[in-house]
Amino acid sequence: MSDDPRRRIPRTDALLEHPEVQALDADPALVKSVIAATQQRARVGALAPEEVLGEVLAELRRPGSLRPVLNATGVVVHTNLGRAPLSQAATRAMAEAAGYVDVELDLDTGQRSSDRGRGTIEALLHATPGAEDALVVNNGAAGLLLTTAALCGAGETIISRGELVEIGAGFRLPELIESTAVRLYEIGATNRTHPADYRAAAQRDGARAILKVHPSNFRVEGFTASVDVPELRQIADEFGLYLIVDLGSGLLTHDATIPTEPDIHEALEQGADVVIASGDKLLGGPQAGILLGKKEVIAKLKKHPLHRAVRYDKIRHAGLEATVRHRTPVQEYLHADSASLRARAESIAGEVGACVVPHDGRVGGGGAPGVALPGWAVELPAACAPLLRKRGVLPRTHEGACLVDLRCIPAAEDATLTQHISAALLQLNAE
Ligand SMILES: *Cc1c(COP(=O)(O)O)cnc(C)c1O
């Protein structure tokens, strides 16, 4: 029995007291469960006894379960990769805000201050002069929930049947709104809604607001009609209703690369009382629901009890403020120059012995559907895709090929990316 390898598995006490384990400052319950699980793997022969300590340390040293990914899909706001990658300025600001910060304190007087998020609001108002005031909440959905609840109470908001949007993963805006006391009054048809439909609905006793939702992730073409914001403003004024505009994407001002994408500045100019947008789509920041509009309306939102439940945290406030004040990776990738994308792709293709093909990037994240962003990709055999994914590179698989698009990859990562592709090709050839 003495040569049973299981007898060589390090004992729990020895592992717990090992100086390298101790130095990690890990949660004691976590340490015990990692040790037990690793010992068990050794007992069933999945691990050599000599490997137990190393495995325990490796598991405890992992910073978290999320793994960084090189986005080689060409999709700028990639929902499954966490939407917008943050700028260095935002990342730094968030790290600095991690400790104690004067988020609700006036350091001059030593008094409590109710100016939470003041810097973010100032930056947003500076970037969108058409807005009188702003409020930031947890995400776009929370913004919609708070706005409709605060402005409609137990009344109705009018919405076109062409704008009853599912934003993804089964989340439907109408169901979200109706989870509060607010009732939706649907008007028009899927493809056509007219001013007369809004006017008829606006006369109802319970009508409080008109909600216009930008159908951000689909397009209706053909025999269509909808009512634009300036005309909705007129109707809202005739009947004393609020005009809420949910834009989704969070483009602050017009961008010629995506000419059909509506922007916050324009919606406010055209008379929206409040505009709702996400922070982590085209704005390029951390997850947020950004509400910009009239002072009186924003004040109502701030006072509503739901506001506390969707409150924005200090770390993201820091990140969002820095995002608005600096150039973002999203802007950079959206406007990446096709010729330099081609040169980078050709350089990588030359090193790994592959070809370069034209490849269109996309805005993604439910923004500017159908808009192509012309660029280039390194073309690899389709079987490379799973091998690259295991290495933390997400390529696009399309028509029997694995395409590596450099649009959303910082040029500083090109060498690392080349190594991953070479390794994947080597592995493929060895199989
Ligand atoms: C994305 C989107 C939302 C939801 O925003 P989140 O920040 O994901 O909660 C709401 N409305 C529209 C039109 C959107 O595109």
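Data table
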{"read-out": "Other-chain or far-sequence residues with amide H under 5 Å of Leu105's (modelled H)", "value": "Ser113"}
{"read-out": "Cα pair distances of the stretch 267-319 binned at 5 Å [whole percent]", "value": "4, 17, 23, 26, 21, 9, 1"}
{"read-out": "Convex hull of the stretch 343-389 built on C-alpha atoms - directionally averaged projected area, nm²", "value": "4.2"}
{"read-out": "With Cα atoms, 0 to 90° folded angle of helix 140-152 axis to the chain main axis", "value": "30"}
{"read-out": "Solvent-accessible area per residue for the stretch 304-398 (1.4 angstrom probe, square angstrom)", "value": "46"}
{"read-out": "Rounded tilt (10° steps) of 414-430 against the dominant C-alpha axis of the chain", "value": "60"}
{"read-out": "The stretch 1-58 versus the stretch 185-211: alpha-carbon centroid distance in Å", "value": "66"}
{"read-out": "All-pairs alpha carbon distance profile, the chain, 20 Å steps from 0, percent", "value": "22, 43, 29, 6, 0"}
{"read-out": "Prolate/oblate/rounded call for the stretch 189-258, Cα gyration tensor, a/c under 1.5 rounded", "value": "oblate"}
{"read-out": "Carbon + sulfur, % of accessible area of the stretch 258-375 - ligands and nucleic acids excluded, 1.4 Å", "value": "51"}
{"read-out": "Surface per residue (accessible, 1.4 Å probe) for the stretch 179-254, Å²", "value": "49"}
{"read-out": "DSSP loop chymotrypsin sites (Phe, Trp or Tyr not before Pro) with at most 12 other Cβ within 10 Å: longest gap in the chain", "value": "224-431"}
{"read-out": "Cysteines in the chain lacking a second Cys C-beta under 4.7 Å", "value": "Cys152, Cys355, Cys408"}
{"read-out": "Ratio Rg/Rh [Cα only; Rh per Kirkwood] for the stretch 297-379", "value": "1.23"}
{"read-out": "Virtual spin-label span in nm between Asp3 and Glu332, 7 Å along Cα→Cβ", "value": "6.0"}
{"read-out": "Degrees between helix 338-352 axis and first principal axis of the chain (Cα, 0 to 90, nearest 10)", "value": "20"}
{"read-out": "Fraction of accessible area attributable to carbon and sulfur, the stretch 6-146 (%, probe 1.4 Å)", "value": "51"}
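The values are calculated or read from the model by the stated rules, or taken from the named source; none is laboratory data. All figures in this text were calculated on a predicted structure; none of them were measured in a lab. Cβ: placed from backbone, ideal geometry, glycine included. Neighbour counts: every protein chain shown. Side chains included, ligands, DNA and RNA excluded: accessible areas come from the protein's heavy atoms. Shrake-Rupley method; radii C 1.70, N 1.55, O 1.52, S 1.80 Å.
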